[in-house]
1. Relative to a virtual label point 7 Å from the Cα of S519 in the Cα→beta-carbon direction, which members of the stretch 548-573 show backbone nitrogen distances below 15 Å?
2. Gain in length, T267 to K298, computed as 0.36 nm per residue apart minus the alpha-carbon separation, to one decimal in nm?
3. State the answer as a single residue: which of L270, W338, Q80 lies farthest towards the positive end of the charge dipole of the chain, with beta carbon charges of +1 for Lys and Arg and -1 for Asp and Glu, about the Cα centre.
4. Quick one: length gained pulling T3 to E278 fully straight, 0.36 nm per residue minus the C-alpha distance?
5. Given +1 on the Cβ of Lys and Arg, -1 on the Cβ of Asp and Glu, and no further charges, what dipole in debye does the stretch 196-237 carry about its Cα centre, rounded to the nearest 20?
6. Relative to the present Cα-Cα distance, how much length would full extension add between R194 and T532 at 0.36 nm per residue of separation?
7. Sorting check: for 418-430, 5-17, 36-48, which peptide has the highest mean count of neighbouring beta carbons within 10 Å, and how do the rest follow?
8. May I ask for the equivalent-ellipsoid semi-axes of the stretch 474-611, computed as the square root of five times each C-alpha gyration tensor eigenvalue and listed largest first in whole Å?
Amino acid sequence: METDGIHIDSGSPELDQKISEWLQWDKNENTLNEIRLLVKDQEWKILSGRLLQRLAFGTAGLRGVMQAGFNAMNDLVVVQSAQGLCNYILECYPTPLDRKRGVVLGFDGRYNSKRFAELSACVFLTAGIPVWLYSRTVATPFVPFAIQELQCLAGIMVTASHNPKEDNGYKVYWTNSAQIISPHDKNIQTHILRSLAPLESSWNLDLLKSDQLKDPYDAMSKLYFEKLAANVPENFVTSYNAKSSQRFVYSAMHGVGFPFVELGFQTVGLQPVLAVQEQRDPDPEFPTVKFPNPEEGKSSLLLSIKLANESNCDVILANDPDADRLACAEKNSSTGEWRVFTGNELGSLLGWWSVRCYREQYPDKKLEDCYLLASTVSSKMCRSIANIEGLNFEETLTGFKWMGNKSVELMKEGKTVLFAFEEAIGFMCTPTVLDKDGVSAACQLATMVCYLQATSNQTLTDKLNELYDIYGYHCTITSYHFCYDPVVIERIFERIRTLETGNPGYPKAISAGKYPIASVRDLTTGYDSAQTDRKAQLPSSKSSQMITFSFENGAVITLRTSGTEPKIKYYAEMCAKPGQRDWDASRATLRDMVDCIVEELLEPVKNNLTPRSE
C-alpha cells in the first residue's frame with residue numbers, strides 16, 4: 001500500500017489501512033512525522049498499539065497521553081471527537097433556534113490545551129454553532145458555570161486535571177451543566193466513529209475570527225464571584241472575615257487557580273493569600289512536584305509547608321492544576337506538626353458548614369427539603385449529620401458526574417442541594433456549579449477557619465473532633481496500588497469473585513475468619529447479597545471493577561479501579577455511634593482489616609503491584 005509517498009507493508013491489512021488513514025488525515029506535522037518515522041523503522045508492534053485501539057469516552061470524556069495515534073490525545077483525535085460530539089448535539093437539538101444557544105469551551109495550562117480548544121471551536125463554528133471560547137486559562141468549574149448561566153447546549157474543558165505532564169484530556173458537560181453520563185457517552189462515541197474523516201475546515205484556525213465566536217471570561221468571572229459571595233452569609237463576611245488577621249498559604253500546583261482564589265478571597269473579605277511563588281502560575285512542566293496532585297499529601301505540599309513555617313502561618317490551601325479540587329493542611333501549634341486533612345475529613349467539615357451557613361441565611365426555613373450528597377466510596381459522615389439534623393442524604397456512584405446529575409434531579413423536584421463531596425478532595429459547596437469546585441471550596445473553608453477562631457477559638461482539628469463526638473467517629477483509610485496491566489486487574493477481580501466454592505464465590509471472611517463478611521455488593525456485575533432480589537440498587541457497569549464488602553463489625557471496604565489512572569483503589573470506613581470515644585481501637589481494627597484485604601485479595605507481591613508512595 002502506498003500513501004503520502006510512503007510504502008506500507010506491515011503484514012496486517014487492518015494496520016496498513018489505519019496507517020494510511022492517519023497519513024491522509026493528520027495535519028499536524030509533529031504527530032504526522034511520528035507515524036512516518038515508525039513506519040520507516042517498521043515498528044509494527046508500536047503502530048498496532050497506537051492505531052488499532054482508540055481512546056473511548058469514559059469519565060465524562062477523554063484522557064490520555066499526548067502522542068500520535070488514535071489511542072492518544074492529539075490534534076486528529078480531538079478533531080474527530082469534536083466532530084462526533086457536534087453531530088450528536090445537532091441530532092439532539094436540530095432546530096436553528098436550539099443551535100443559537102451555542103457551546104462553551106475552556107482550557108487549562110497544559111501543553112496543547114489551548115490548541116485542542118481552538119480546534120474544537122473550529123469544528124462547531126463550521127457546523128454553524130456559536131462558540132463561547134474562554135480567551136485565557138480558566139478553572140474547570142467556569143465551564144459548567146457558563147453552560148448554566150448562558151444556557152448553552154454543552155461544554156468542553158480541555159484538561160487532564162492532576163495527571164502527569166504527558167497527559168491531556170477532554171471533559172464534556174451536557175445541557176444541564178453536569179458531566180455527561182450514559183447514554184450520552186455511548187452516543188457520542190458512536191457519532192465519533194461515524195465521522196472519523198476530518199473536514200478540511202476543521203483545521204482552519206482562521207474561523208476563530210468569526211463573529212460567532214465570543215469570549216465569556218469577563219462576564220462569567222463577574223457573575224461567578226457575585227454568586228460565590230451570595231452563598232457566604234453576609235454576617236460572616238463582616239463579623240469574622242473582615243475582622244480576622246488570619247492568613248492562608250496557597251498553592252496553585254503550577255495550575256490555573258491563583259487569580260480565581262485571589263479574587264474569591266477579596267470578594268468574601270478574607271486577607272490575601274500567601275501564594276507559593278514557585279507554583280503560582282501555570283507551567284505545563286510541573287517542575288517542583290513529582291505528581292501535580294495535592295491529594296498525594298505532604299509530598300506535594302513541601303513548598304507550601306516551607307512558606308507557611310517561614311510566614312508563621314498555620315493553614316495551607318492547595319488546588320490541583322485545573323482548580324476543581326481542594327486540599328488543606330493545618331499546623332499543630334503545640335507540636336509544630338502539619339496535618340494534611342483527607343478528603344473525607346474536609347467533606348465532614350464542609351458538610352457541617354453548609355448546614356450552618358444555610359441556617360444563618362434562612363433561619364425560618366426547615367431542613368426537610370435540603371440534601372447532602374456523597375459518592376458511595378466516600379465517608380458517610382454527611383449521612384450521620386443529615387440523620388441527626390433532620391435533612392436528607394443521597395449516595396451516588398463514584399464521581400461528580402453522578403452527583404451533578406442527581407443534583408439536577410433533586411432541584412427539578414424543588415429540593416435544595418446544600419453540599420456534595422467525594423473523598424478525592426472534590427467538593428460542591430453550592431449548586432451554582434454542578435461539579436466539584438476548588439475555588440468556592442477554598443473560600444468557604446477559609447471563612448470557616450475565621451468563624452471558628454472568632455466564635456469558639458477552635459482549629460479545624462478541634463471542630464472535626466467535636467463533630468465526631470456529636471455525629472460519631474468516622475474512621476476512614478483510603479489508598480491505592482498502581483497496576484499497569486489490564487489483564488492483571490481483570491484476573492485479580494475475577495479471583496475475588498471465585499475465591500470460595502459456591503455461585504457466586506465471594507470470600508465470606510478475611511484474616512482466617514477473624515473478620516466475617518456480612519454482605520457483598522458488586523457494581524461490575526450488578527450483584528448485592530444484602531438485597532432480597534440480589535440486585536444492586538446503584539447502577540452497575542461492566543466497564544470498571546468495583547466490589548464493596550460490608551463486615552459484621554460495621555466496617556465497609558471497597559475495591560475499585562480508577563477511571564482515569566492505572567490504579568486499584570481501596571476505601572475503608574468504620575463508623576462509631578455518637579459519644580463513643582474508643583477512636584484508637586477503631587482505627588487499629590480498620591488498619592488491620594485493610595492490610596489483610598490488600599494482602600489476601602489484591603496479592604500485591606504476586607501481581608507486581610506498586611504501592612502508593614507515602
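Rule-based calculations on the coordinates, nothing more; no lab input. Everything quoted here is computed from the prediction, not taken from an experiment. Note that we place each Cβ from the backbone using ideal geometry, even for glycine, and neighbour counts take in every protein chain shown.
1. 548-558
2. Residue separation times 0.36 nm, minus the Cα-Cα distance, leaves 8.2 nm.
3. The residue sitting farthest along the positive end of the dipole is L270.
4. The span from T3 to E278 would gain 94.2 nm if fully extended.
5. 100 debye
6. Length gained between R194 and T532: 117.4 nm.
7. With the highest mean Cβ count within 10 Å placed first, the list reads 418-430, 36-48, 5-17.
8. Semi-axes (√(5λ), whole Å): 23, 19, 15.
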